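One structure coming up, written as structure tokens, with questions to follow.
Taken together, the values in this text are just the output of simple stated rules run on the coordinates, not laboratory data. What you see is a predicted model, and the numbers here were worked out from it, not measured in a lab. Cβ placement follows ideal geometry from the backbone for every residue including glycine, while neighbour counts extend to all protein chains displayed.
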Amino acid sequence: MEKPLLVYFFSGTGNARNVAHWFTGVAQEMSITNETIDIAKVDRKNIQPLPPGSMVGFVSPTHGFNYPPAMMYFIFRFPRSRGNSAFLMNTRAGMKLSKWFLPGLSGLALWLSALVLLFKGYRIVGLRSVDLPSNWISFHPGLKENVVKSIYEHCKGVTVKFATKILSGKKVYTAFRDIIQDLLISPVSIGYFFVGRFILAKSFYATNACDKCDLCINNCPVKAILTVDNRPFWSYRCESCMRCMNDCPKRAIETAHGYIIGIMCLLNMGIMIWFWQWVSGFINIPEHNGWAQTGVTLSGWVLTFAVMVVSYRIFHYLLRIPVIRQLFYYTSFTKYKFWRRYKPSRKMVAGI
Ligand SMILES: Cc1cc2nc3c(=O)[nH]c(=O)nc-3n(C[C@H](O)[C@H](O)[C@H](O)COP(=O)(O)O)c2cc1C
Ligand code: SF4
Ligand code: SF4
């Protein structure tokens, strides 16, 4: 067989990429021909079917208790099996408290993709989460370097053990331990997919420190950053993978917490109240009619989305005005020094 093992990965800040390389590193040691492929660098719509009998793996971060859409769509479009086996891995938001490693939460990440692959005729031989350091620095400060290093060493061992078993022909379904909590949080996965991720994509902006080097534009794995008014502008393609924010050489990309909090207050205390009053002035929504209630909730979401689109454009425009720019800058927690960036994972892959 020419290529018995193919490992596809998607990665924002390097965690999933490292896991993919650790896995193929084991294959290398076992003299198994392998290839590690970044899905951001291939024509995702024209993937060739696998040679019969070969194994394929998918490694991706977890975003909003699911695989990010780029990986989900890739798996949806992936060719049908020709007698192939497959394994799935997700990297999650690991933390460390004293000497304890704390896990993240997968939600639907592995289950949905495993189901799709099963329908395509694959034999699922492995399902495993790896709790690498959380990179979600829009939410919390980046972890300290020594913590990152310690989590990395722990997770490399976990991955090598998993890879050794899978490549020796064993089946490993560690993810089944989490299935109950994963199913319980699945409604949040759905909410994130339809609403949350769009709000997050619209929380980035470039400050005056930006020297227009275009690194963020060129390196974005889904080509989500445009240039509008001569400044980076985040489009809805953004998967909030955090790469641009962590890699900007000028530390010029911030999460606009002040703007997001402001717009959420405006939506919940003003626009939504007005919307409900306006709707109930036209139609009488029966309280116990589930369909009517769902219809109104969906309309609320559509309105939220529309407000976000318009307000982000206005926000981007207002950044031209120095006093307003300063206001948003000082209300972005990511601006403060203690709010570190998440970088070290890229350096650590060199050691594999
Ligand atoms: C937008 C976003 C959403 C996330 N959602 C989750 C989640 O639902 N569960 C979890 O355990 N980790 C979550 N994380 C953490 C990442 O999945 C985790 O840090 C991952 O290892 C990053 O991999 P990467 O470096 O390959 O991008 C999220 C991170 C981001 C940026
Ligand atoms: S990487 Fe930073 S400095 Fe370069 S264009 Fe993007 S925001 Fe500006
Ligand atoms: S714009 Fe930034 S956060 Fe969004 S997908 Fe691209 S690199 Fe990731």
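Using the Karplus equation 6.51 cos²θ - 1.76 cosθ + 1.60 (θ = phi - 60°), what ³J(HN,Hα) coupling, rounded to whole Hz, does each residue of segment 84-95 give in order, writing x for Gly and Pro?
Karplus values, whole Hz, x for Gly and Pro: 9, 9, 9, 10, 10, 9, 10, 9, 10, 7, x, 9.
Where nothing but the Cβ of Lys and Arg (+1) and of Asp and Glu (-1) is charged, how large is the charge dipole of segment 5-187 around its Cα centre, in debye to the nearest 20?
Numbers: 21 positive and 9 negative charges, 59 e Å.
Taking the Cα centre of segment 5-187 as origin, the dipole is about 280 debye.
Running Debye on segment 195-258 with equal point scatterers at the Cα sites and no solvent, what base-10 log of I(q)/I(0) appears at q = 0.12, 0.15, 0.22 Å⁻¹?
-0.24, -0.38, -0.86
Hand me the GluC sites (Glu not before Pro) from segment 1-51 located in a DSSP loop with no more than 10 other Cβ atoms within 10 Å, in residue order please. Intermediate values should be presented prior to the final figure.
Numbers: sites: GLU2, GLU29, GLU35; in loops: GLU2.
Within segment 1-51, the qualifying GluC sites (Glu not before Pro) (loop, at most 10 other Cβ atoms within 10 Å) are GLU2.
Mean residue ellipticity at 222 nm from the helices of the chain, using -39,500 (n - 2.57) per DSSP H segment of n ≥ 4 over the full residue count, to the nearest 500 deg cm²/dmol?
-12500 deg cm²/dmol
With N set to the number of residues, divide the alpha-carbon radius of gyration of segment 5-187 by 2.2 N^0.38 Å and report two decimals.
On the way: Rg = 15.6 Å, N = 183, 2.2 N^0.38 = 15.9 Å.
Computed over Cα atoms of segment 5-187, the ratio equals 0.98.
Strictly under 4.7 angstrom between C-beta atoms: which cysteines of the chain have no such partner?
CYS155, CYS210, CYS213, CYS220, CYS238, CYS241, CYS248, CYS265
In vacuo Debye scattering of segment 14-66, one point per C-alpha: log10 I(q)/I(0) at q = 0.17, 0.18, 0.26 Å⁻¹?
Log-scaled intensity ratios, in q order: -0.67, -0.74, -1.20.
Scan the chain and hand back the longest stretch that contains none of the trypsin sites (Lys or Arg not before Pro) lying in DSSP loops with at most 11 other Cβ atoms within 10 Å.
On the way: sites that count: LYS45, LYS99, LYS170, ARG320, LYS337.
In the chain, the maximal stretch lacking such sites is 171-319.
For the chain, which DSSP H helices look membrane-span-like by this rule: Cα extent along the axis of 20 Å or more and mean Kyte-Doolittle of at least 0.5? Please report the intermediate quantities before stating the final value.
Numbers: long enough: 15-29 (21 Å, -0.47); 145-167 (32 Å, 0.15); 290-318 (41 Å, 0.95).
Long hydrophobic helices here: 290-318.
In nm, to one decimal, how far is the LYS161 label point from the ASP211 one, both placed 7 Å along Cα→Cβ?
Inter-label distance under the simple model: 4.6 nm.
Under the rule of at least 5 residues apart or a separate chain, name every residue whose amide H is placed under 5 Å from the amide H of VAL172.
GLY126, LEU127
Between GLN277 and TYR236, 0.36 nm times their residue separation minus their Cα-Cα distance comes to what? Mind dumping the intermediate values first?
Working: separation 41, 0.36 × 41 = 14.76 nm, distance 2.99 nm.
The GLN277-TYR236 span can extend by a further 11.8 nm.
Report, to one decimal in Å, the Kirkwood hydrodynamic radius for segment 194-335 based on all distinct Cα pairs. Intermediate values should be presented prior to the final figure.
Working: mean 1/r = 0.0601 Å⁻¹.
16.6 Å is the Kirkwood radius here.
Relative to the present Cα-Cα distance, how much length would full extension add between ARG82 and LYS335 at 0.36 nm per residue of separation?
Full extension of this stretch gives 86.0 nm more.
Also: What are the extents of the Cα atoms of the chain along their three principal axes, in Å, largest first?
Projected onto the principal axes, the Cα atoms of the chain cover 66, 52, 44 Å.
Stretched out fully, how many nm does the piece from ASP43 to ILE314 gain, at 0.36 nm a residue minus the Cα gap? Write out the running numbers ahead of the final one.
Working: separation 271, 0.36 × 271 = 97.56 nm, distance 3.46 nm.
Separation in residues times 0.36 nm, less the Cα-Cα distance, equals 94.1 nm.
Roughly what % antiparallel, to the nearest 5, for the DSSP beta bridges in the chain?
On the way: 10 of 36 bridges.
DSSP beta bridges in the chain are roughly 30 percent antiparallel.
Starting from the Cα coordinates of segment 81-219, work out the convex hull volume and express it per residue in Å³. All intermediate terms of the calculation are to be shown ahead of the outcome.
Working: hull volume 23.7 nm³, N = 139.
Value for segment 81-219: 170 Å³ per residue.
Relative contact order of segment 194-335: what whole-number percent is it, with Cα pairs under 8 angstrom and at least 6 residues apart? It would help to have the intermediate numbers written out before the result.
Numbers: 136 pairs, mean separation 41.3, N = 142.
Answer for segment 194-335 is 29 percent.
Can you put ASP178, ASP214 in order, fewest other beta carbons within 10 Å first? Can you show the working numbers first?
On the way: ASP178 20, ASP214 12.
Fewest-to-most ranking of ASP178, ASP214: ASP214, ASP178.
Sequence gap at least 6, Cα distance under 8 Å: using those rules, report the relative contact order of the chain to the nearest whole percent.
18 percent
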